[in-house]
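Below you'll find the structure, written out as structure tokens, and then a few comments.
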Amino acid sequence: MKLSALKIGQKALIMIIFLMVVVGSSITVGIIMLSKTSKNTVLASISKKFVDIQNISVAEFNSAEKVARDGVAEASGIGSLDKISAIALISQKDFSQVVQNEIGEVSNNINNMLGKQNKSTNQQLEEALKLAANSISEIMAFDNHSLNILANEAIFDLDSQNTASIESLNRFATNLAMMKEKLWAMENENNTDIDSLLITLIVNFDDPAYSQEQVLDFLITGFDALKDKIARRKEIFFEDVLDDFMLQEKVVGEEFRLVRRKAHYAINRELTSSRNIQLEKSTAIIKELLRQQSAISTNINDSADYVRKVIKRLNSTIQKKLQARGKNTGEQISRQVETTKEIARNANNKVAERIRLNTEKARFHFDTVIKDSQTVIKANLNQATRQTIFFSISIILICTGIAMALGMALLRAITDPITKVLGFAEEMSKGNLTGRLPEGKDEMGQMGGALNTMADEIFKLREAQLNSFNQTLDQLLDCVFMFDPDNLQYTYVNRRAREHTGFSSEEMMSMTTVQIKPEYTHQSFKKMISPLIDGSIKHLTYLSEHRNKNGEQMPVEILVQYVVPPDQKGKFVEIVRDISERKKAEQEKEKLQARLLFAQKMESVGQLAAGLAHEINTPAQYLGSNIDFLDEAYQDIAEFMLSIQSIVQDKPLNQSAKIVAALELADWDYLAEEIPSAIDQSRDGVKRVAAIVLAMKKFSHPASTEMAPVDINSVIATTLTVAQSEWKDISEINTDYSDNLPLVPCLEHEMGQVLLNIIMNATHAIREVLTIQPSDQKGTIHISTALKKDRIEIRIGDSGPGIPEEICARIFDPFFTTKDVGSGIGQGLTICHDVITEKHGGTLDFKTEIGKGTVFIITLPLKSTNNQLS
Amino acid sequence: MKIKHLIVSSLLFIVMIFSSVSIYANNTSRKILLRIGYIPLLPQLPLIVANDRDRFNYKNIKTKLFRYSSFTSIEAAIRVNAVDVASIPIPIALSMAADGIPIKIIGAFQHGGTLLVSKNTADINTLKGKVIGVPGLDSNEHIQLMETLSANSFRYGFDYTTIAIPFDSALANFKADRVNALYLPEPYGSMAIGEANGVAVAVPAPNNCQTGNVIVVRTDFLKTGKSIAIDEWLKSIIRSCRFLENDIDYFSARQTAIIQKTSFGYSEVLVTSSLKERRGGIRFAVHMPTVNTFSEYNRKLIELKMTRSTIDLNTLLDVSLLERAMKSAREK
């Protein structure tokens, strides 16, 4: 039967019986043991005391014999005489030792002092020598340094003067060039004046109103005035020249003067500085040498003084010490003689007294031993009694202790189950349901069983609640992470978090939060979240990136909060939202805004072009009508002139001469030949202007938002006209339009824009080739259209350099351009691609070959879909 | 009738063109010539940029730039009245005033732009015992360097020596170890770093003597009623400072690098790298120096025995023109 199976009453009864048995046994054993021990102790004590009496008797007899022998020796005085001779010997040795010591000490001191003196003086002399040598080297080095600087200053001054000279020569050269221009201008003015005078002279010469004398006077006056004018001009010119040269000369002179002045200052400064430094250094050296000399002199004087003092002190010390020692020895001998007499007197008395005393002492010792023996026997008996009592009490105490221990054990057997039950109940109240109580058949075991059942039930209930909470969190679209504030290790992640990272729950529990945040280190992350722990902020929202199991990085928005559940350690809770889609949307929005901006810009350019076209159109129209008028007028004049010529032929020669002369003066034959072609050329020119204006108007017409059937060949022709200024100087256009091309449903304005972009790109490509390899031959742009089943195809090819393979995949990317900054914004082909594929449901592709060129191929469906229309 | 009408219209048109041309010619002839001296140094960029950007728009002035290779040559030009206006170091301006040259200091338009470059080390303490090249002993750089090194317990002559070095041969002399360090305006510091293994040394700014070069105008130019021309030119300088700051901040000084090519002739890479990193702490902003600043410089010059005469600083300094130009610029 186990102890736990017993009732409490049964347990108490067993304890009492056990105690009684233990106490009884112990008392009996103690009494038996004490009786034996007491008897043995008494016997041992008596034996020991008898041995002591025997020993004392022998010692006392030996002592009496020794006293008698010492008394005889002391009475004879032999010992005292020995002592006196010993004192004399010691004193003699002492005198000699004192003298030796004193002299030795003084000699050592002087030796030491002189050695130190020698060393110190040598050292000081060496230092002074070294200092002097170093300082001289330093001064020499400084001199070299200073000389170098002076030399460099001289070189730099020469450089400066050289530069100044070259510069002034350049300025003179510039002045000369200007003078040359002025001379040319002066010569032109002079020539103009001479021409003017000659023309006036010729006119006056032919004029009958002027006589020959008057003309001659005019000529002389004119020439005089001209000479004066030319002389004045020359004077002004030379004054200017002189001023310029003088100014330049002044600049050069002043510059050289300043350079010299500054060079003098620099050299003086260097020399002064060098002199001051040398002076300062020399002064320092001399000061140091003087200091060293003074120190050596002081040291020697100090040594001499010391030696003198030591010898003097030695004289007095030896004398005093010898006198003191002599006196001391005499006194010692006198004292010893007196002592010897006294000893001899006392010896007889002492021997007799000691024998008496020893006898008394022996008797006393015998009495004492006997008394001691009696005392010992008594004490042993008393001790035996005490031991008996002590052992009895000890055994009783031990038995009581054992009984108490057993009692305590028994009590614990009763109270422990109760304590366990209380602890279990307390843990349960804190929510800890992991512990269980031992179960059994006694009251406590039964209570344990009942409480265990209750804990199981509560645990099941809590598990059910926790599962419900986790399932709720698992249904969230956001990721929820919880991690420990100390080691940042995850303690909980919801389902969305596991999907987001690609790690399993078990894997996540062994990871820290910084392992999926590549931007942060352990320290930097802890530093960031520390304000949450100290409560300075309640929560923190920030943008970051998470790295999943595959190593992919995703932009995320994170809300992190520090929460402290009741009676638990605090933890961090992160609500993480994947913002990849949002980022994409923002980027799309930015692209759209850029495109919108571009479209607005193009629209304003279009409006401007339309306005310009309107402004040009009006004068072009009246130019055209005026040219028509001039053409008609010329026809009339030509007929009129023919009539005159026929009249001239019919008239007599003297009458027709003036008319023939007038016709010849007017150069009518030449005009009759050239005017028609000039009018035709003007008309062609105006027609071309009108065609360009019309094309521009058409091209810049506000875009329609609805598709309409369009003649693509016509759109291409209009676009070519608009872009004529771009291609006509560098390229030939070859067109191959299909005759049976049907009307295609499309947005005409936007299609024109696409064609313009591609043609412009083609001209830019050709220009690039011609820039690198200049040639007399133009490049080629080939444009063709064709019907392909339910689609039409437009091909635009150029003889440009082709597109490098590495950028082929990027040419439709927004903002991608190979042009220089400011020449292109990288939107053209993006917009073309968008217009053709998105708005028209067509395709835009290209073929390219390096060194040969590129062909862009556009296909457009003949039937538009609802989507495209919308 | 139509032909007659066309002929009359054409004649009227020709008369109008001739009138315009003569008005323009008259206006041109009335413009005042302003001769500007400059040295090809980046701190002097506002002079060049203002001329490049505004010269066709000036109403009252016609500017002409004169290039000089050193502060001494530009000083000589001012002294003999070969240029009317220039940007020069304060000690030179004070020296000219002490010699009785009729000039006025009317302001300043730049801070910093000077780099201390040594060989292989950026520690100022390693300059002990070295020879440092400066643009001139009467340059701002020299005075500022002495102040700075003195604050670092360097004694002139004992711990270091300065030497005036021409800009043209500075780099060659640095390479040839004739000087151990250079303290020159940009781009010479950048050139020493790029071409001669130079290392920029961090120089703490001295407490005094911080102002850069100052704009100096000959008084006789102002006296002849030409202040309106200076006023227009100063507005142009203020605009150019803004342009430079914007270009550095937003375009890495690319436009400035192109503009300077004709007047300075430095490579674009050198200029952009120097300006965008603001080497030597270069800043382009108009500011008014005070009499106290000049007093401090004057005290240093007397201490260095570079001048003995007393100067009436209140008469020498006249920032009223610049204040007026700035006020006008702010109002616009």
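The values are calculated or read from the model by the stated rules, or taken from the named source; none is laboratory data. Everything numeric in this text was worked out from a predicted model, so none of it was measured. All Cβ positions, glycine included, derive from the backbone under ideal geometry; neighbour counts span all protein chains shown. For the accessible areas, the whole protein counts, side chains as well, though only heavy atoms, and no ligand, DNA or RNA atoms are used. Shrake-Rupley method; radii C 1.70, N 1.55, O 1.52, S 1.80 Å.
Scanning region B:79-95 for residues that are assigned to a helix (DSSP H, G or I) and more than 9 Å from every other protein chain (Cβ to nearest Cβ), which turns out nearest to B:G212 (Cα to Cα)?
Checking each candidate, the answer is B:I90.
Please report, ordered by residue number, the strands (runs of 3 or more DSSP E) entirely within region B:123-234 with at least 1 residues that are over 17 Å from A:E153 (Cβ atoms) and in contact with a strand residue (DSSP E or B) (Cβ under 8 Å, 6 or more places away or on another chain). Lay out the reasoning, then the answer.
On the way: elements: B:130-134, B:160-164, B:181-185, B:198-200, B:214-218.
Filter on region B:123-234 gives B:181-185, B:198-200, B:214-218.
Where in region A:465-542 are there helices (runs of 4 or more DSSP H), lying wholly inside it, with at least 3 residues that are of a type in the set (K, R)?
Here the list reads A:495-501.
Spot the failing condition for B:T256; the list is (1) without any contact (Cβ under 8 Å) to a residue 60 or more places away in the chain; (2) β-branched (V, I, T); (3) open to solvent by less than 20 Å² (accessible area, probe 1.4 Å), and only one is missed.
With respect to (1) without any contact (Cβ under 8 Å) to a residue 60 or more places away in the chain; (2) β-branched (V, I, T); (3) open to solvent by less than 20 Å² (accessible area, probe 1.4 Å), B:T256 is out only on (1).
Does B:S295 count as of a type in the set (S, T, Y), assigned to a helix (DSSP H, G or I) and open to solvent by less than 90 Å² (accessible area, probe 1.4 Å)?
Working: of a type in the set (S, T, Y): yes; assigned to a helix (DSSP H, G or I): yes; open to solvent by less than 90 Å² (accessible area, probe 1.4 Å): yes.
Judged against the criteria, B:S295 is a match.
Test B:Q110 against the criterion of being touching a Cys at 6+ places or on another chain (Cβ under 7 Å) and of a type outside the set (D, E, K, R), and give yes or no.
Criteria not met by B:Q110.
Pick out the one residue from B:G189, B:G133 that is open to solvent by less than 10 Å² (accessible area, probe 1.4 Å), in contact with a helix residue (DSSP H, G or I) (Cβ under 8 Å, 6 or more places away or on another chain), within 11 Å of chain A (Cβ to nearest Cβ) and in contact (Cβ under 8 Å) with a residue 40 or more places away in the chain.
Going through B:G189, B:G133 in turn, just one is open to solvent by less than 10 Å² (accessible area, probe 1.4 Å), in contact with a helix residue (DSSP H, G or I) (Cβ under 8 Å, 6 or more places away or on another chain), within 11 Å of chain A (Cβ to nearest Cβ) and in contact (Cβ under 8 Å) with a residue 40 or more places away in the chain: B:G133.
What residue, of B:A164, B:A170, B:A76, B:A98, is within 14 Å of chain A (Cβ to nearest Cβ) and in contact (Cβ under 8 Å) with a residue 40 or more places away in the chain? Write out each step before concluding.
Details: B:A164 fails: in contact (Cβ under 8 Å) with a residue 40 or more places away in the chain; B:A170 fails: in contact (Cβ under 8 Å) with a residue 40 or more places away in the chain; B:A76 fails: in contact (Cβ under 8 Å) with a residue 40 or more places away in the chain.
Checking each option against the conditions leaves just B:A98.
Check region B:128-143 and report whether any residue there is at pLDDT below 85 and more than 15 Å from the chain's Cα centre (by Cα).
yes
Can you pull out the residues in region B:280-299 that are among the small types (G, A, S) and within 20 Å of the chain's Cα centre (by Cα)?
B:G280, B:G281, B:A285
Considering only residues that are open to solvent by 30 Å² or more (accessible area, probe 1.4 Å) and under 22 Å from A:T780 (Cβ atoms), which ones fall in region A:731-755?
A:E732, A:I733, A:N734, A:T735, A:D736, A:Y737
Provide a single number: the residues in region B:313-329 that are in contact with a helix residue (DSSP H, G or I) (Cβ under 8 Å, 6 or more places away or on another chain) and either in a loop (DSSP other than H, G, I, E, B) or without any contact (Cβ under 8 Å) to a residue 60 or more places away in the chain (or both).
Looking only at region B:313-329, we keep the residues that are in contact with a helix residue (DSSP H, G or I) (Cβ under 8 Å, 6 or more places away or on another chain), and these are B:313-314, B:316-317, B:321-322, B:324-326, B:328-329.
Narrowing further to those that are either in a loop (DSSP other than H, G, I, E, B) or without any contact (Cβ under 8 Å) to a residue 60 or more places away in the chain (or both): B:313-314.
Total satisfying the criteria: 2.
I need the full set of residues from region B:173-186 which are more than 13 Å from every other protein chain (Cβ to nearest Cβ) and out of contact with any Ser or Thr (no Cβ under 8 Å at 6 or more places or on another chain), in order please.
B:K175
Select, from A:N152, A:N170, A:N148, A:N144, the only residue that is away from every other protein chain (no Cβ under 11 Å), assigned to a helix (DSSP H, G or I) and either open to solvent by 50 Å² or more (accessible area, probe 1.4 Å) or polar (S, T, N, Q) (or both). Spell out the reasoning first.
On the way: A:N152 fails: away from every other protein chain (no Cβ under 11 Å); A:N170 fails: away from every other protein chain (no Cβ under 11 Å); A:N148 fails: away from every other protein chain (no Cβ under 11 Å).
None of the other options fit; the residue is A:N144.
So, in region A:237-258, exactly how many residues are over 16 Å from B:T307 (Cα atoms) and either facing chain B (nearest Cβ under 7 Å) or of a type in the set (A, V, I, L, M, F, W, C) (or both)? Spell out how you get there, then give the answer.
Looking only at region A:237-258, we keep the residues that are over 16 Å from B:T307 (Cα atoms), and these are A:237-257.
Next, only the ones that are either facing chain B (nearest Cβ under 7 Å) or of a type in the set (A, V, I, L, M, F, W, C) (or both) stay: A:237-238, A:241-242, A:245-247, A:250-252, A:254-256.
Residues meeting the conditions: 13.
In region A:518-553, which residues are under 21 Å from the mean Cα position of the chain (by Cα), open to solvent by 70 Å² or more (accessible area, probe 1.4 Å) and among the polar types (S, T, N, Q)?
A:T521, A:Q523
Residues checked against (1) touching a Phe, Trp or Tyr at 6+ places or on another chain (Cβ under 6 Å); (2) open to solvent by 40 Å² or more (accessible area, probe 1.4 Å); (3) assigned to a helix (DSSP H, G or I); (4) within 14 Å of chain B (Cβ to nearest Cβ):
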{"position": "A:I110", "(1), (2), (3), (4)": "no, no, yes, no"}
{"position": "A:N122", "(1), (2), (3), (4)": "no, yes, yes, no"}
{"position": "A:M178", "(1), (2), (3), (4)": "no, yes, yes, yes"}
{"position": "A:E181", "(1), (2), (3), (4)": "no, yes, yes, no"}
{"position": "A:E187", "(1), (2), (3), (4)": "no, yes, yes, no"}
{"position": "A:T200", "(1), (2), (3), (4)": "no, yes, yes, no"}
{"position": "A:E213", "(1), (2), (3), (4)": "no, yes, yes, no"}
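Given the residues B:T63, B:T114, which is the only one that is more than 12 Å from every other protein chain (Cβ to nearest Cβ), of a type in the set (V, I, T) and surrounded by 24 or more Cβ atoms within 10 Å (Cβ to Cβ)? Spell out how you get there, then give the answer.
Numbers: B:T63 fails: surrounded by 24 or more Cβ atoms within 10 Å (Cβ to Cβ).
Answer to the check: B:T114.
Here's a check for you: in region B:136-161, which residue that is more than 13 Å from chain A (Cβ to nearest Cβ) and among the hydrophobic types (A, V, I, L, M, F, W, C) is nearest to B:G189 (Cα to Cα)?
Going through the qualifying residues, I end up with B:L145.
Going by what's in this entry, would A:E280 be described as within 14 Å of chain B (Cβ to nearest Cβ), free of Cβ contacts under 8 Å to residues at least 24 places away in the same chain, more than 56 Å from the chain's Cα centre (by Cα) and open to solvent by 60 Å² or more (accessible area, probe 1.4 Å)?
Details: within 14 Å of chain B (Cβ to nearest Cβ): yes; free of Cβ contacts under 8 Å to residues at least 24 places away in the same chain: yes; more than 56 Å from the chain's Cα centre (by Cα): no; open to solvent by 60 Å² or more (accessible area, probe 1.4 Å): yes.
The answer is no for A:E280.
Select, from A:E519, A:E506, A:E552, the only residue that is without any contact (Cβ under 8 Å) to a residue 12 or more places away in the chain and under 18 Å from A:R577 (Cβ atoms).
When all the criteria are applied, what remains is A:E552.
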